[in-house]
Amino acid sequence: MTGDPAPAATYRLRHQLPLLVWLVLVWNLLWGTWSWANLLGGIVVALAVTLLLPLPPVVGGARVRPVALVRFLSYFVVDLVSSGALVAWQTVRPSGIDRSAIVTVQLRTDSDLLLTILAESLTLVPGSMVIDLDRERRTLGLHILHVSNEDDVERQRASVLAQEERVVRAFGSPDEIAALGLAPGEEPARAGRRTP
Amino acid sequence: MTELRTVADVIAIVFLLLGSFLCLTAGLGLLRFPDVLTRMHAGTKPQVLGVLLIMVGAAIRLQGWSATWMLLLVAAFQMLTAPVSAHMISRVAYRRRHVRRDRLLVDELRSERRPDRVYRGDEPADAPPENSGQALAESRREERREDGAR
């Protein structure tokens, strides 16, 4: 995957490092107090977990762009609050909900990690919930809670694509950001970068 | 100092009540919405927001940082796991056709593929394909084709 023939152990460690840091952090948060003993204990537990229960490394890795990340997170928080309030209102109002819809959206992203982030965040934003993800064709099947006409469907589709763009700009590589400019369904120029 | 405590208490109470109300609407949604897919909406969005608000209220009210860290973890894992479980349940529900099609405006998953014409072997007994004889023949043909390709 990378050009340099690094030893397998170093390569694995480099890719497992975010996971290790996260596990140590969780361990310390669970104890609730900071101490060196907790830190060492967390490192031991994290190493044991990653060695005994190994996971495949996330292909491609993630880059984080701070400005785009803040943009993504602030949109996400606003969406989370407004969708919670909206669905709560739809459950208590006398008229309930109107028709639903199941739509497929053609995505432009071709990365496991970005698609995971996108699918996770889409379920919490207004209206949509992911039903299906066709990894090969990069289409996303979404259930939309409340639509009254075709215009609503198109608006939802546009908001999904906007969300995708925010996710890719926050976490994607330059290649993936460039792929946003392509028409939906168009194959990116780079070949042979398929994830297994 | 006591006034500050009172203000903090009031804010905490507002958060806790709002959060509990949102969790209540999640329960109401489970009762009022017509099918599995719409119910999963109610089971994720107001519920996650409600839990988050309750966590904020509890963090304001509780003394000491150790409880706060725990609440932060609860909130993070709630936001990570709730969408995944909702997705898994609704995916299974859709594939097993527990869908109120009369309440759907469009269903693009159905028109693009052909899930309803071919037996896939995991349909519920009460959801036969529209034309069962043809579907059975077609699924047998498809099976033979897959065997030949292998």
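The values are calculated or read from the model by the stated rules, or taken from the named source; none is laboratory data. These numbers come from a predicted model, not from an experiment. Cβ sites come from the backbone with ideal geometry, for glycine too, and all protein chains shown count toward neighbours.
The figures follow:
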item: Among residues of region A:25-54, those that are more than 22 Å from B:Val74 (Cβ to Cβ) and within 24 Å of the chain's Cα centre (by Cα), counted; result: 3
item: Which listed residue, of B:Pro34, B:Pro46, is of a type outside the set (Phe, Trp, Tyr) and crowded, with 20+ Cβ neighbours inside 10 Å; result: B:Pro46
item: Qualifying helices (runs of 4 or more DSSP H) (wholly inside region B:1-114; at least 1 residues being more than 10 Å from every other protein chain (Cβ to nearest Cβ)); result: B:2-32, B:36-61, B:65-95
item: Qualifying residue in region A:78-95 (condition: in contact with a strand residue (DSSP E or B) (Cβ under 7 Å, 6 or more places away or on another chain) and hydroxyl-bearing (Ser, Thr, Tyr)); result: no
item: Those residues of region A:62-98 which are facing chain B (nearest Cβ under 8 Å), of a type in the set (A, V, I, L, M) and in contact with a helix residue (DSSP H, G or I) (Cβ under 7 Å, 6 or more places away or on another chain), in sequence order; result: A:Leu80, A:Val81, A:Val87, A:Ala88, A:Val92, A:Ile97
item: Hits in region B:83-99 - residues which are modelled with pLDDT of 85 or more and surrounded by 20 or more Cβ atoms within 10 Å (Cβ to Cβ); result: B:Pro83, B:Ala86, B:His87, B:Ser90
item: Those helices (runs of 4 or more DSSP H) lying entirely in region A:98-181 with at least 3 residues buried (at least 19 other Cβ atoms within 10 Å of the Cβ); result: A:112-124, A:150-171
item: Pairs with Cβ under 6 Å, 6+ apart, first in region A:118-138 and more than 9 Å from every other protein chain (Cβ to nearest Cβ), second among the acidic types (Asp, Glu); result: A:Leu118/A:Glu164
item: Per-region count, region A:31-50, residues at pLDDT below 85 and assigned to a helix (DSSP H, G or I); result: 2
item: Selection count, region A:66-92, where residues are over 23 Å from A:Ile177 (Cβ atoms) and of a type in the set (Ser, Thr, Tyr); result: 3
item: Qualifying residue in region B:51-64 (condition: under 28 Å from B:Arg91 (Cβ atoms) and within 12 Å of the chain's Cα centre (by Cα)); result: no
item: Test: residue in region A:5-21 that is loosely packed, with under 14 Cβ neighbours inside 10 Å, at pLDDT 85 or above and not assigned by TED's automatic domain parsing to the domain that holds A:Ile117; result: yes
item: Condition met for B:Val106 (among the β-branched types (Val, Ile, Thr), out of contact with any His (no Cβ under 8 Å at 6 or more places or on another chain) and surrounded by 13 or more Cβ atoms within 10 Å (Cβ to Cβ)); result: yes
